[in-house]
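Accompanying notes for the structure given below.
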Amino acid sequence: ELTRAVTCPKVFPSASASKVLTMEYLDGVPLVDLDNIRKYTKDPEATLVSALNAWTLSVISNDFFHADVHAGNLLVLKDGRVAFIDFGIVGTIPPKIWSALEELSQALLIGDSREMAGALVKMGATSSKVDVDKFGADIERILKNLNAMDPELIMTTDGVSASAQIALDQEEVSRVLIDIVQVAENNGVRLPREFGLLVKQSLYFDRYTKLLAPSLNVMTDDRIQGFSNAGEQSYAGRGSSRSGGDND
C-alpha cells in the first residue's frame with residue numbers, strides 16, 4: 001500500500017558518474033503548503049500518515065533512513081503521493097539502541113516521564129548513578145514546552161491567488177533538540193548521536209501533524225507504525241549516521 005502512496009526519485013545510472021548523480025525530476029509542493037496540498041489530495045491527514053509510516057518503517061526495516069526530513073525534502077506530488085528527496089543525510093540505528101527505543105515508545109504512549117528517563121538512561125552512556133526522578137521531571141518540562149509551541153501560519157501570494165503555509169523554524173527545532181541533549185547531560189546521561197537524529201526528524205513530523213492533522217494522536221492511532229512494533233530483528237552490521245553533505 002505504501003508503495004502506491006510514497007516514492008523517491010529514480011536514479012539514472014547511465015547518466016551518472018562518480019561525482020554526478022542524475023535523478024528523476026519530481027514536481028510537487030512542500031509538505032507545509034496546506035492550500036496546494038488540498039489541490040492534490042482530498043485527505044491531507046492520510047497523506048501525512050503515509051509519509052510518517054514510510055519514514056518510520058525505513059528506520060525499523062532498512063539499513064539506512066532519511067535523516068533530514070525538513071519540508072523542502074518532503075513533497076506532495078500532483079498525483080497525491082509523497083516524495084522523499086535529497087538523501088544527503090542518512091542515519092542507521094545500532095542494535096544496542098533498539099530495546100531502549102521500544103521502552104521509550106511505550107513510555108511516550110502512556111505519558112510516563114519517569115519511564116522515558118529510564119529508557120534514555122539505558123540508551124546513553126553514564127559515568128555515575130542517575131537520579132531518574134529528577135531526569136523524568138526535566139523531561140516532563142521539555143514536553144510541556146514542546147506541546148505549547150504553535151507553528152506559525154504565513155500567507156503567500158503569486159499575485160493571482162493566496163495560499164497558507166506553515167513556518168517551520170529550523171532554528172526552533174534545533175533549540176528543542178539542544179535542550180533535550182543538555183537536560184540529559186545535566187543528569188549525567190550522554191545520548192548517542194543516532195538518537196539525536198531520530199528526535200530531530202520526529203520534531204519535524206510533529207510540526208507537520210499540527211498543520212495537516214491537528215486532531216491526530218500519533219501514539220494511539222491504529223494507522224501509525226511505531227517503534228514498539230519493530231519486533232525481534234537483527235540489526236548487526238549497521239553502522240553510524242552518515243552525512244553526504246551539509247543540508248541541514
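The values are calculated or read from the model by the stated rules, or taken from the named source; none is laboratory data. Given the structure is predicted, the values throughout are model-derived calculations rather than measurements. Don't worry about glycine lacking a Cβ; one is built from the backbone with ideal geometry, like all the others, and counts go over all protein chains shown. Each accessible area value is taken on the protein alone, full model and side chains, heavy atoms only, with ligands, DNA and RNA left out. Shrake-Rupley method; radii C 1.70, N 1.55, O 1.52, S 1.80 Å.
Restricting attention to the range 118-136, the residues that are over 20 Å from the mean Cα position of the chain (by Cα) and among the hydrophobic types (A, V, I, L, M, F, W, C) total 5.
Put simply, of LEU108, LEU143, LEU120 the only residue that is assigned to a helix (DSSP H, G or I), in contact with a strand residue (DSSP E or B) (Cβ under 7 Å, 6 or more places away or on another chain) and touching a residue at least 24 places away in the same chain (Cβ under 8 Å) is LEU120.
Checking each residue in the range 98-111 for being open to solvent by less than 20 Å² (accessible area, probe 1.4 Å) and over 17 Å from the mean Cα position of the chain (by Cα) picks out ALA100, ALA107. Considering only residues in the range 41-78 that are in contact with a Phe, Trp or Tyr (Cβ under 8 Å, 6 or more places away or on another chain) and β-branched (Val, Ile, Thr), the one that is nearest to ALA213 (Cα to Cα) turns out to be VAL76.
Scanning the range 8-24 for residues that are in a loop (DSSP other than H, G, I, E, B) and either open to solvent by 50 Å² or more (accessible area, probe 1.4 Å) or more than 23 Å from PHE65 (Cα to Cα) (or both) turns up CYS8, LYS10, PHE12, SER18, LYS19, LEU21, GLU24.
Any chance the range 65-82 includes a residue that's among the small types (Gly, Ala, Ser) and in a loop (DSSP other than H, G, I, E, B)? Checking the range 65-82: at least one residue is among the small types (Gly, Ala, Ser) and in a loop (DSSP other than H, G, I, E, B).
Determine whether the range 25-38 contains at least one residue that is part of a helix (DSSP H, G or I) and either open to solvent by less than 20 Å² (accessible area, probe 1.4 Å) or more than 18 Å from THR209 (Cα to Cα) (or both). Yes, the conditions are met somewhere in the range 25-38.
Conditions (1) on the phi < 0 side of the Ramachandran plot; (2) buried (at least 22 other Cβ atoms within 10 Å of the Cβ); (3) modelled with pLDDT under 90; (4) small (Gly, Ala, Ser), marked per residue:
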{"residue": "LEU52", "(1), (2), (3), (4)": "yes, yes, no, no"}
{"residue": "ILE60", "(1), (2), (3), (4)": "yes, no, yes, no"}
{"residue": "LEU77", "(1), (2), (3), (4)": "yes, no, no, no"}
{"residue": "VAL82", "(1), (2), (3), (4)": "yes, yes, no, no"}
{"residue": "ILE85", "(1), (2), (3), (4)": "yes, no, no, no"}
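Taking (1) at pLDDT below 95; (2) open to solvent by less than 40 Å² (accessible area, probe 1.4 Å); (3) part of a loop (DSSP other than H, G, I, E, B) in turn, THR56 satisfies each apart from (3). When the test is whether a residue is among the aliphatic types (A, V, I, L, M), in a helix (DSSP H, G or I), open to solvent by less than 30 Å² (accessible area, probe 1.4 Å) and at pLDDT 65 or above, LEU216 does not pass it. Selection within the range 121-136: residues that are buried (at least 18 other Cβ atoms within 10 Å of the Cβ) and out of contact with any helix residue (DSSP H, G or I) (no Cβ under 6 Å at 6 or more places or on another chain). The member of this set that is modelled with the lowest pLDDT is GLY124. Identify the residue in the range 177-214 that is touching a residue at least 12 places away in the same chain (Cβ under 8 Å) and among the polar types (S, T, N, Q) and, among all such residues, is nearest to LEU57 (Cα to Cα). Step by step, filter the range 177-214, then rank; the result is GLN201.
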